[in-house]
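Contents: one structure, followed by commentary.
The values are calculated or read from the model by the stated rules, or taken from the named source; none is laboratory data. What you see is a predicted model; the values in this text were computed from it and never measured. With ideal geometry, Cβ positions are generated from the backbone for all residues, glycine too; neighbour counts draw on all protein chains shown. These accessible areas exclude ligands, DNA and RNA; they are computed on the full protein's heavy atoms, side chains included. Shrake-Rupley method; radii C 1.70, N 1.55, O 1.52, S 1.80 Å.
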Amino acid sequence: MCIRDRYNPPTFVYAFEANKIQLSVDFGTLGVGETITVTLTSNASDYLEVFPASLEVSTSTPIFQIYALEPVWANFNLTFTSSARRVVLSSRLISSGLVVYFRPLKKVTMVAPTIQTTTIGIDVSVSITVSEKPSPGSTLLAELQYGGSPSNIVIPPPTQWDSSATVLTRLLTFSGRSPTNLQVITVRLYNDPQYEIPSFSFNFMFEALLQMTVDMPLIVFLNQSSAFTLTLPSTVSLSTTIAVSPLNVLSFTPSSTLNMVLQNSATATMMPSQEREVTVSFALSADDAARVAVPASRKVKVASLNQVIVNAPSADIVVYIKSTIYVRTTVQLAIAPTSGSVVTVTPQLICPSGNIVTFTPSSVVFNGSVSPMVLTKTVDIRGVIASPACSLLYAVSGSGYTSSPQSFTVETRDLHKIQLINAPTRVFLGTANRVILNVSLDSTVRMPLTDSISITFASSSPCLTISPSALFWAAGNQEDLSKIAYVTATCIGTGLKITTSATANSIFTNLLPTTITLSALALQTVTVTESTTGSTDYFMFVGGAALDMDVVIPEALADDESLTVTASY
């Protein structure tokens, strides 16, 4: 009877533990009481892990698990002792042994973006190139992992290579959904141990689109020049072209193209030539156009000279209930009343909820006998109680004047809330145990916001890291109401402080705690003991009774937690 290698060994395998191989030995059938001890040796033993080094068996096939610590050629030999003298080594093992080449892992090259900052909505790519395609039956996967709030980024699904791959380079393309500070983006390669997996990450941040403010009246007088202004929060190189539909109703001075080059505002005038409603739209070009949100188109009505016009920030007015918050409307005449004549304009609310707002003043008066005559006056609207939208009219009394063709609605709202959902009180050591700071705007908030919001976290404790350290909701952007930051413990401590600060429009009430206190705790111990003796050291006889183990966790798990304990040999 020959002792021989049961399976032909591969020409080569890959180095390192994830690519370990098994060598099994077939020695036929032994008789009762016969045993055999098999020992596996190699000329490259300093570069190999072999388990076990030898086996004494009587009924089973010896199996050795082997992997190389680095690329190496290895020659394996078997030695044995046996009570069965009829067992000898095969001629192949005697002559040359088993020769296996543990080859280097396949290479992966990754190239990070050439920039570190871009505007939300713009695609950015990471390039990944493999040196050769996977072996048949294997698949290599690559994905992006983001260190900040998941709602801030659009990440593609994993890309993959298999043995049929003809393109060795893949791109993972991502884009920002919301502005951020610098956050770590990591490329994770997995599922195929034949590849060298380099650690690869880079820092990246997304900037908000710049919001162009268009200060343009809702209604203007026929054949009278009206000024409007386009404003940006920072200097850019930008050209803005204004289009009108239908054509030739409005003319612009200096022109319909405003070159906002290296400045943050531009002012022009428009002259209407027909009494009708027109749509004004905008197009952006030049170097910084991708950094600026295109303003929404708007409708402008043209009124006759004997009408009283009323302008507001919007035809749908929203007033928040706070004494310091109001919306200003302007009431304007084109022609002054004659001497002795009086024109009175009174805001009138038609609302089943009653008096949801107050008007200051309750009416405005244009007196033709007063000199000098002021042709523009203001009415401020303040909220009293929250209510859905109601109709608002400006009634005109006075000979020779009619009401504005512009109609309005007024909605009143309570202040919105910024709040922390379930503040953590403890965090265990390590990235896997990080806890969440979940900051949410209440469900009544309507997107997009007119003004940005930022929340900042800070801690003086060396035991805590917070990522991201700031959360942003951008003006003009379709944002999620809720955003999260992660708190990770790097050492143990109690009474650790995280401070919060918020920058938001006055229509928000900040309910965030100014200080969050928590403890950083050591990992807890899961205890495994043999059921009968309570021992953690034990032995078994071949063919003997099975051992029962007691597994004890230190405390009950939360509803959203789970723990799996697996025995392995």
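Of the GluC sites (Glu not before Pro) found in the range 462-569, those in coil by DSSP whose Cβ has at most 11 other Cβ atoms within 10 Å are E555, E561. In angstrom, the C-alpha Rg and Dmax of the range 173-238 are 23.7, 77.
Taking every C-alpha pair closer than 8 Å and separated by at least 6 residues, the mean separation divided by the residue count of the range 195-316 gives a relative contact order of 32 percent. Other residues within the sphere of radius under 12 Å centred on the Cβ of P388, judged by their own Cβ, net out at -1 (K and R +1, D and E -1).
Using Stokes-Einstein with the Kirkwood hydrodynamic radius over Cα pairs, what translational diffusion coefficient do you get for the range 333-396 at 10 °C and a viscosity of 1.306 mPa s, in µm²/s rounded to a whole number? In µm²/s, the coefficient is 120. Taking amide H as placed 1.01 Å from N in the peptide plane, E411 has its amide H under 5 Å from the amide H of I317, V318, V319, C390, each at least 5 places away in sequence or on another chain.
For the range 119-172, the Kirkwood estimate of hydrodynamic radius, built from reciprocal distances between every pair of different alpha carbons, is 12.8 Å. Note: relative contact order over the chain, using C-alpha pairs below 8 Å and six or more positions apart, is 8 percent. Over all Cα atoms in the range 360-498, the spread is summed up by Rg and Dmax: 25.7, 81 Å. In the chain the Cα-Cα distances spread across 20 Å bins starting at 0 as 14, 31, 26, 16, 10, 4, 0 percent of all pairs. I321 sits with roughly 40 Å² accessible to a 1.4 Å probe, with DNA, RNA and ligands left out of the calculation. For the chain, lysine pairs separated by 8 or more sequence positions, or belonging to different chains, with Cα-Cα distances below 27 Å total 13. Once you reduce the range 318-391 and the range 197-253 to the center of their Cα atoms, the two points are 29 Å from each other.
Magnitude of the charge dipole for the chain, about its Cα centre and with charges confined to Cβ atoms of Lys, Arg (+1) and Asp, Glu (-1), is about 1340 debye.
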